[in-house]
């Protein structure tokens with residue numbers, strides 16, 4: 001098991017002195033330490049064990065991918081494995097050549113050994129380069145595939161959905177008198193005119209009781225989760241694009257490769273491209289990036305509060321007015337890291353907690 005441990009063998013006073021000296025020597029424009037984490041490790045064997053099932057999952061989830069994407073994945077995997085075999089064999093030959101070079105005494109033999117060593121070194125470098133390129137392409141193609149749906153999840157249109165449970169008071173008949181925009185305007189709780197000037201449409205100002213309601217709901221949900229053993233977290237609302245991609249966060253507005261992207265990117269001077277988070281799940285997942293947890297440390301449960309940013313670039317209409325499909329909203333996220341065996345059980349714990357939160361608010365739920 002590998003864990004990140006902060007070690008301080010010196011006394012606190014010495015530590016303060018060292019910190020002070022380091023601070024004094026630091027230059028204002030000193031380059032920041034480069035952050036590097038290993039590439040994702042995907043289960044290629046599972047993706048390719050039943051290519052038809054993988055291709056069917058792509059179709060059922062309406063992913064805008066080429067029809068032969070799974071076949072291309074298989075071809076790239078075979079090419080990567082073949083190159084890996086060639087690379088290992090050539091490295092072995094390189095080791096033998098190095099030993100031969102050390103053992104060769106005569107001048108002619110030495111020259112031939114040097115030439116062979118140089119030839120093998122160049123061959124290894126070329127194979128490493130080609131293998132890296134194929135592995136990068138393989139990872140990109142595999143990363144474009146959607147996650148597998150739960151086998152119990154209905155496939156297709158909304159009418160195929162299955163109602164598992166309803167709870168809460170009986171719903172009141174719909175009435176235009178309770179339109180949330182009209183109610184908020186009447187009491188001065190929503191100022192879309194000011195937001196249009198400050199930022200643009202669908203970036204609403206919440207005022208008065210409506211702003212207080214947002215804070216109260218966040219506090220209520222976090223308190224409920226904390227009582228259930230979830231550790232509260234205030235995550236950053238900005239993450240590296242690479243981290244978002246590793247989490248599979250690639251939302252689009254509609255099908256097709258040309259569908260508008262939903263992520264706001266940030267212009268930055270550093271090496272890492274940054275973006276605004278579309279969900280607190282992404283920075284919460286990054287809490288465990290490049291770390292290994294022991295079985296006794298799981299499930300690890302956290303509850304995060306963050307701002308979610310969505311470009312929502314698609315068509316807008318009556319069903320997107322007011323507080324629907326806004327570009328920024330506050331979200332409370334329940335998040336857990338589990339073993340594969342714990343996953344279903346913990347998912348049920350999250351659902352049950354969500355139900356208790358909603359029941360406490362007296363809402364009607366399907």
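Scanning the stretch 302-330 for residues that are in contact with a helix residue (DSSP H, G or I) (Cβ under 7 Å, 6 or more places away or on another chain) and modelled with pLDDT under 90 turns up 321, 322, 323.
State whether the residues of the stretch 342-360 include one that is closer than 23 Å to residue 215 by Cβ and in a loop (DSSP other than H, G, I, E, B). Checking the stretch 342-360: not a single residue is closer than 23 Å to residue 215 by Cβ and in a loop (DSSP other than H, G, I, E, B). Determine, yes or no, whether residue 67 is without any contact (Cβ under 8 Å) to a residue 24 or more places away in the chain, within 30 Å of residue 249 (Cα to Cα) and exposed (fewer than 13 other Cβ atoms within 10 Å of the Cβ). Taking the combined requirement at face value, the residue satisfies it.
Does residue 133 satisfy the condition of being free of Cβ contacts under 8 Å to residues at least 12 places away in the same chain, more than 30 Å from residue 68 (Cα to Cα) and assigned by the TED database to the domain that holds residue 83? Criteria not met by residue 133.
The single condition among (1) within 25 Å of residue 142 (Cα to Cα); (2) at pLDDT 80 or above that residue 297 does not meet is (1).
Of all residues in the stretch 268-291, none satisfies being at pLDDT below 90, surrounded by fewer than 16 Cβ atoms within 10 Å (Cβ to Cβ), in a helix (DSSP H, G or I) and not assigned by the TED database to the domain that holds residue 65. State which residue is farthest from residue 70 (Cα to Cα) when the search covers only the stretch 151-184 and only residues that are in contact with a helix residue (DSSP H, G or I) (Cβ under 9 Å, 6 or more places away or on another chain) and loosely packed, with under 11 Cβ neighbours inside 10 Å. Residue satisfying both the conditions and the ranking: 177.
Would a scan of the stretch 47-62 turn up a residue that is farther than 25 Å from residue 241 by Cβ, touching a helix residue (DSSP H, G or I) at 6+ places or on another chain (Cβ under 9 Å), touching a residue at least 60 places away in the same chain (Cβ under 8 Å) and not in a helix (DSSP H, G or I)? No, the stretch 47-62 has no match at all. Screening 87, 96 for residues that are more than 28 Å from the chain's Cα centre (by Cα), modelled with pLDDT of 95 or more and closer than 25 Å to residue 123 by Cα leaves exactly one candidate, 87.
Criterion first (modelled with pLDDT under 90 and surrounded by fewer than 12 Cβ atoms within 10 Å (Cβ to Cβ)) does residue 109 satisfy it? Here the answer is no, as residue 109 does not meet what is asked.
Residues are listed down the side, and each one gets a yes or a no for (1) in contact with a strand residue (DSSP E or B) (Cβ under 9 Å, 6 or more places away or on another chain); (2) surrounded by 13 or more Cβ atoms within 10 Å (Cβ to Cβ); (3) in the same structural domain as residue 51 (by the TED database); (4) under 20 Å from residue 40 (Cβ atoms):
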site: 84; (1), (2), (3), (4): no, yes, yes, yes
site: 89; (1), (2), (3), (4): no, no, yes, no
site: 92; (1), (2), (3), (4): no, no, yes, no
site: 97; (1), (2), (3), (4): no, yes, yes, no
site: 101; (1), (2), (3), (4): no, yes, yes, no
site: 113; (1), (2), (3), (4): no, yes, yes, no
site: 123; (1), (2), (3), (4): no, yes, yes, no
site: 129; (1), (2), (3), (4): no, no, yes, no
site: 138; (1), (2), (3), (4): no, yes, yes, yes
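Residues in the stretch 326-342 that are free of Cβ contacts under 8 Å to residues at least 40 places away in the same chain and surrounded by 13 or more Cβ atoms within 10 Å (Cβ to Cβ) were compared, and the one that is farthest from residue 223 (Cα to Cα) is 329.
The values are calculated or read from the model by the stated rules, or taken from the named source; none is laboratory data. The shown structure was predicted, so the numbers you read here are calculated from the model rather than taken from an experiment. Neighbour counts run over all protein chains shown; Cβ positions are idealised from the backbone, glycine included.
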